[in-house]
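This report concerns only the one structure given below.
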Amino acid sequence: EPEVTIVSGLKDMVVFEGDDVTFRCQVSHENARDVEWKLQDVALQNNEMNEISVEKGKVHTLTLRKVTEQDIGTVTFRVGRHTSTA
């Protein structure tokens, strides 16, 4: 199985408290496994506050809903041994 790499990494975002923010990361192959999103080194799960999805098979997205000051920090996307941060 070919190694999945990051083609287009995360970009830094500035948002207002209460807004939603979406991070996108494009990978080299569809159906990538071993994918993880983190905020401040805490693994994120898909729930009412964090929407994790895949668009067009290769673009992994994380939407943080109604962000607060506690959401300030580093967002990390990891696939295999490759990471991108914002």
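Worth a mention:
- Listed by chain and number, the aspartates and glutamates whose alpha-carbon sits under 14 Å from that of K38, ignoring those within fewer than 8 places in the same chain, are E51, D71.
- Semi-axes of the equivalent ellipsoid of region 6-85 are 21, 12, 12 Å, computed as sqrt(5λ) over the eigenvalues of the C-alpha gyration tensor in descending order.
- By accessible area with a 1.4 Å probe, ligands and nucleic acids excluded, highest first: order of T22, T63: T22, T63
- T63-Q45 pseudo-label distance in nm [points 7 Å out on the Cα-to-Cβ vector]: 2.1
- DSSP loop trypsin sites (Lys or Arg not before Pro) with at most 11 other Cβ within 10 Å: longest gap in the chain: 57-80
- In this structure the chain gives 66 Å² per residue of accessible area when probed at 1.4 Å with all protein chains present.
- Note on region 32-55 and region 56-75: Cα centroid distance 8 Å, given to the nearest whole angstrom.
- In range of the label at I52: residues from region 1-34 whose backbone nitrogen is under 16 Å from the point 7 Å along Cα→Cβ: 22-27, 31-34
- Within region 1-35: backbone nitrogen closer than 12 Å to the I72 label point (7 Å, Cα to C-beta): 15, 17
- Accessible surface of region 3-67, 1.4 Å probe: 47 percent of it comes from carbon and sulfur atoms.
The values are calculated or read from the model by the stated rules, or taken from the named source; none is laboratory data. Just so we're clear, the structure is a prediction, and the values are computed from it rather than from any experiment. Neighbour counts run over all protein chains shown; Cβ positions are idealised from the backbone, glycine included. We work out accessible area using only protein heavy atoms, side chains counted, and drop any ligands, DNA or RNA first. Shrake-Rupley method; radii C 1.70, N 1.55, O 1.52, S 1.80 Å.
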